[in-house]
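Participant: Before we start, here is the structure in question, set down as structure tokens.
The values are calculated or read from the model by the stated rules, or taken from the named source; none is laboratory data. Note that the coordinates shown come from a computational prediction; the quantities given were computed from them, not determined experimentally. When we count neighbours, we look across all protein chains shown, and the Cβ atoms used for this are built from the backbone with ideal geometry, even at glycine. To get the accessible areas, we keep the full protein, side chains included, count just its heavy atoms, and leave off ligands, DNA and RNA. Shrake-Rupley method; radii C 1.70, N 1.55, O 1.52, S 1.80 Å.
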Amino acid sequence: MTRKTTLLIVDDDRDLRKFLRMALDNGTRVIHEADTAQDGLHRARETVPDIILLDIGLPGYFDGFMLNEALAREPALHGLKTVIISGHDSAEDIGRAGRLGVDAYLVKPVSPRTLVELVERLESSLREMQVITPDSGLAVSTEKPTKE
């Protein structure tokens with residue numbers, strides 16, 4: 001049995017969370033939501049997502065960047081794929097995201113097609129392991145063992 005991908009959407013905009021859920025809910029994913037960074041940290045610890053879709057402009061004590069840093073310190077969340085979805089496209093924000101190891105930075109508005117294609121690429125990287133043989137030097141993708 002194939003394991004479903006677990007997604008966590010962290011954004012204070014209820015309509016955007018609904019849009020993201022509708023675009024991504026294809027029956028092969030479990031989708032959780034949070035509306036603050038604090039709630040996002042709690043939900044991530046609770047659900048151990050494979051991919052997090054994260055706004056950086058969140059209300060409360062800490063923002064999406066701080067949440068990303070906190071998640072990176074959680075041993076159970078090692079390997080978490082992070083996608084920033086933001087209305088800000090400043091070089092400073094994009095550079096900071098890159099330094100934090102974010103997997104993708106999407107600038108709003110986001111098309112459903114772009115979002116789905118990105119998540120599918122990230123899902124593939126969760127399941128594929130690159131094998132390089134000394135004699136061929138070629139990378140061959142293989143299925144990673146799945147968590148049950």
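Participant: Within segment 8-43, count every residue that is crowded, with 24+ Cβ neighbours inside 10 Å and in contact with an Asp or Glu (Cβ under 7 Å, 6 or more places away or on another chain).
Facilitator: 4
Participant: Then there is this: If a residue has to be closer than 23 Å to VAL107 by Cα and open to solvent by 10 Å² or more (accessible area, probe 1.4 Å) to count, how many in segment 69-78 make the cut? So that I can check it myself, show each step before the final result.
Facilitator: Our first condition is that a residue be closer than 23 Å to VAL107 by Cα; within segment 69-78, this holds for 69-72.
If we keep only those that are open to solvent by 10 Å² or more (accessible area, probe 1.4 Å) as well, we get 69-70, 72.
Going through segment 69-78 one residue at a time, the tally reaches 3.
Participant: Further, regarding this structure: Looking at segment 88-107, which of its residues are loosely packed, with under 13 Cβ neighbours inside 10 Å and in a loop (DSSP other than H, G, I, E, B)? Step through it out loud before you land on a result.
Facilitator: Residues of segment 88-107 loosely packed, with under 13 Cβ neighbours inside 10 Å: 89-92, 95, 98-99, 101.
Across segment 88-107, the qualifying residues are ASP89, SER90, GLY101.
Participant: Out of (1) under 17 Å from LEU100 (Cα atoms); (2) open to solvent by 40 Å² or more (accessible area, probe 1.4 Å); (3) touching a residue at least 40 places away in the same chain (Cβ under 8 Å), the odd one out for ASP63 is which?
Facilitator: The single condition ASP63 does not satisfy is (3).
Participant: What are the residue pairs meeting all of these: first residue in segment 96-124, first residue closer than 11 Å to LEU53 by Cβ, second residue among the aliphatic types (A, V, I, L, M) and part of a loop (DSSP other than H, G, I, E, B), Cβ atoms under 6 Å, and 6 or more apart or on different chains?
Facilitator: Listed by first residue and then by second, the contacts come to nothing, as the list is empty.
Participant: Follow-up. How do the pairs read when you match residues in segment 25-43 that are over 11 Å from LYS4 (Cα atoms) with residues anywhere that are of a type in the set (Ser, Thr, Tyr) and not in a helix (DSSP H, G or I), using Cβ under 9 Å and keeping only pairs 6 or more apart or on different chains?
Facilitator: HIS32/THR6; THR36/TYR61; ALA37/TYR61; GLN38/TYR61
Participant: Return yes or no: is ALA104 in contact with a helix residue (DSSP H, G or I) (Cβ under 6 Å, 6 or more places away or on another chain), of a type in the set (Gly, Ala, Ser) and more than 19 Å from ARG14 (Cα to Cα)? It would help to see each step written out before you state the result.
Facilitator: Numbers: in contact with a helix residue (DSSP H, G or I) (Cβ under 6 Å, 6 or more places away or on another chain): yes; of a type in the set (Gly, Ala, Ser): yes; more than 19 Å from ARG14 (Cα to Cα): yes.
Yes; evaluated as a whole, the condition is true for this residue.
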